[in-house]
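Asker: If you scroll down you'll find the structure; I have some questions about it.
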Amino acid sequence: MSCNYAEGLSPYEHKGILGVPEKFDPVDKFNEKCELLAQLINESNHIVVHTGAGISTSAGIPDFRGPNGVWTLEKEGKKPTINVSFSDAKPTKTHMILKKLVERNKVHYIVSQNIDGLHLKSGLQRKYLAELHGNMFIDECNVCKRQFIRSCPVETVGKKCSGVPCAADHLSGGRPCRGRLYDGVLDWEHSLPDNDLFMAEMHSGIADLSICLGTTLQIIPSGNLPLETLKYGGKMVICNLQPTKHDNKADLIINYYVDDILEKVMNILGIEIPVYQETDNPTKLAQTIILDWMINRKDVIALEKIYKAKCKGVKKKRILIKNKRNSTEISSISQDDKSKIIKREDSSENEGIIKTEPLEEQPATTDQNITSNNIVETVA
């Protein structure tokens, strides 16, 4: 069904680097890295997970830029042979593990680029999830901006009107807002939803650990959000089969299937992996009742206070140091890989002493696109 979604988008040339070969860590390195990831999870106070299409491939939904991805094959005039519908797709082991880690207060927020609705189906609460590119199972009113859960995927993408009246009055008991419902899936030219992006930015800044799962981090601004964690002294872990845009800034990189990585980590942490239950799936409940899917304004205000207390006025300087990894340190796992380790110091005490370099050199046009918060692809 990713194909139908991709076909519904406006034509767009710059879809990033496609079809890069996948690589797998040797079993001994994989086990060692999973131990390190579990250690980081135990030692961290605020963890944000950034999810991409790679966490849904085991549900039968193709990714976009992998060797058999939708856009990779599109370039060759082909389509994926496996393509489960959004209606039939069920949350993967990764989705269920993330929900459990949130419930255990190990993970504090999830920032998703996915529109497949699998985080929603897993039973993950809205207060722990930012959906930066929309959701196939959500309608949004064009007047009051309230969001509602659907029992089936939307038939359009790109914020198109369905003509259905807003259902806000059924929830509040007040006067109808007279708005109409639109699909909640963004097209290339749309700005990201304000509250979702704001929450994602603040959580990423507060976090002392960002974990990136199943994403090459090519799409911006979402792909640059993990860097907010680095800016304020945190660490970044990348779990992906292909190289990513920010590999040279990561403290730990694991090249393996995300389901297997998280299953191993859960075993190390001693936490049971839950099984998907349809009774916890809000899209099933939406067949009989109207369900709200709004970010609570009180949650935004509360988080903003925490963010300002930690991040506002704290100016960090960064030095990028090239270093070879060795087998004894977290940032130096593989002797064959070269990486950049980010060191930071407070500029308030060391002004003029530390030589700084930007985290990433980007053309001016890219910076303009980031400011506008539109969905833009970059080729790293």
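The values are calculated or read from the model by the stated rules, or taken from the named source; none is laboratory data. As the structure is a computational prediction, the values presented were derived from the model and not from experiment. Positions of Cβ are backbone-derived with ideal geometry, glycine not excepted, and every protein chain shown enters the neighbour counts. Protein only, heavy atoms only, side chains kept; ligands, DNA and RNA dropped before computing areas. Shrake-Rupley method; radii C 1.70, N 1.55, O 1.52, S 1.80 Å.
Asker: For LEU181, only one of the following conditions fails: (1) part of a loop (DSSP other than H, G, I, E, B); (2) of a type outside the set (Phe, Trp, Tyr); (3) over 30 Å from ILE306 (Cα atoms). What is its number?
Answerer: Failing condition for LEU181: (1).
Asker: Moving on. If a residue has to be within 28 Å of THR279 (Cβ to Cβ) and open to solvent by 10 Å² or more (accessible area, probe 1.4 Å) to count, how many in the stretch 62-91 make the cut?
Answerer: The number of residues fulfilling the criteria is 8.
Asker: Is it true that SER162 is surrounded by fewer than 22 Cβ atoms within 10 Å (Cβ to Cβ), farther than 25 Å from LEU303 by Cβ and touching a residue at least 60 places away in the same chain (Cβ under 8 Å)?
Answerer: When the stated conditions are applied, SER162 does not pass them.
Asker: Report, by residue number, each residue of the stretch 70-85 that is touching a helix residue (DSSP H, G or I) at 6+ places or on another chain (Cβ under 8 Å) and either part of a loop (DSSP other than H, G, I, E, B) or basic (Lys, Arg) (or both).
Answerer: Listed by number, the residues that qualify are LYS79, PRO80, ASN83, VAL84.
Asker: Would it be correct to say that ASN31 is farther than 22 Å from VAL102 by Cβ, modelled with pLDDT under 95, open to solvent by 30 Å² or more (accessible area, probe 1.4 Å) and polar (S, T, N, Q)?
Answerer: no
Asker: Next question. Could you list, in sequence order, the residues of the stretch 237-258 that are open to solvent by less than 30 Å² (accessible area, probe 1.4 Å), charged (D, E, K, R) and modelled with pLDDT of 95 or more?
Answerer: Across the stretch 237-258, the qualifying residues are LYS249, ASP251.
Asker: May I pose another question? Counting only residues that are more than 21 Å from PHE86 (Cβ to Cβ), in a strand (DSSP E or B) and out of contact with any helix residue (DSSP H, G or I) (no Cβ under 8 Å at 6 or more places or on another chain), how many does the stretch 140-163 have?
Answerer: 1
Asker: What is the one condition in (1) open to solvent by 30 Å² or more (accessible area, probe 1.4 Å); (2) hydrophobic (A, V, I, L, M, F, W, C); (3) modelled with pLDDT of 95 or more; (4) farther than 24 Å from LYS235 by Cβ that PHE24 does not satisfy?
Answerer: (4) is the only condition that PHE24 fails.
For (1) aliphatic (A, V, I, L, M); (2) under 12 Å from the mean Cα position of the chain (by Cα); (3) modelled with pLDDT of 95 or more; (4) buried (at least 22 other Cβ atoms within 10 Å of the Cβ), each residue gets a yes or a no:
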{"site": "PHE198", "(1), (2), (3), (4)": "no, no, yes, no"}
{"site": "ILE206", "(1), (2), (3), (4)": "yes, no, yes, yes"}
{"site": "SER210", "(1), (2), (3), (4)": "no, yes, yes, yes"}
{"site": "LEU217", "(1), (2), (3), (4)": "yes, yes, yes, yes"}
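Asker: Looking at the stretch 268-300, which of its residues are in a helix (DSSP H, G or I) and of a type outside the set (A, V, I, L, M)?
Answerer: Within the stretch 268-300, GLU278, THR279, ASP280, PRO282, THR283, LYS284, ARG297, LYS298, ASP299 qualify.
Asker: Out of the residues in the stretch 128-159 meeting the condition of being open to solvent by 40 Å² or more (accessible area, probe 1.4 Å) and of a type in the set (A, V, I, L, M, F, W, C), tell me which one is nearest to THR283 (Cα to Cα).
Answerer: Here the answer is CYS152.
Asker: Take the stretch 165-176 and flag every residue that is modelled with pLDDT of 85 or more and either open to solvent by 40 Å² or more (accessible area, probe 1.4 Å) or among the basic types (Lys, Arg) (or both).
Answerer: Result: PRO165, single match.
Asker: Residues in the stretch 364-371: is at least one surrounded by fewer than 17 Cβ atoms within 10 Å (Cβ to Cβ) and either modelled with pLDDT of 95 or more or not in a helix (DSSP H, G or I) (or both)?
Answerer: Scanning the stretch 364-371 turns up no residue that is surrounded by fewer than 17 Cβ atoms within 10 Å (Cβ to Cβ) and either modelled with pLDDT of 95 or more or not in a helix (DSSP H, G or I) (or both).
Asker: Can you confirm whether LYS264 is under 23 Å from the mean Cα position of the chain (by Cα), under 19 Å from GLN39 (Cα atoms) and of a type in the set (Lys, Arg)?
Answerer: For LYS264, the condition - under 23 Å from the mean Cα position of the chain (by Cα), under 19 Å from GLN39 (Cα atoms) and of a type in the set (Lys, Arg) - is met.
Asker: Against the definition (closer than 18 Å to SER56 by Cβ and open to solvent by 10 Å² or more (accessible area, probe 1.4 Å)), how does GLN125 come out, yes or no?
Answerer: No, not satisfied.
Asker: Which pairs turn up if I take residues in the stretch 110-137 that are part of a helix (DSSP H, G or I) and look for partners that are buried (at least 24 other Cβ atoms within 10 Å of the Cβ) and among the small types (Gly, Ala, Ser) with beta carbon separation below 8 Å, at least 6 apart in sequence or on another chain?
Answerer: LEU118/SER56; HIS119/SER112
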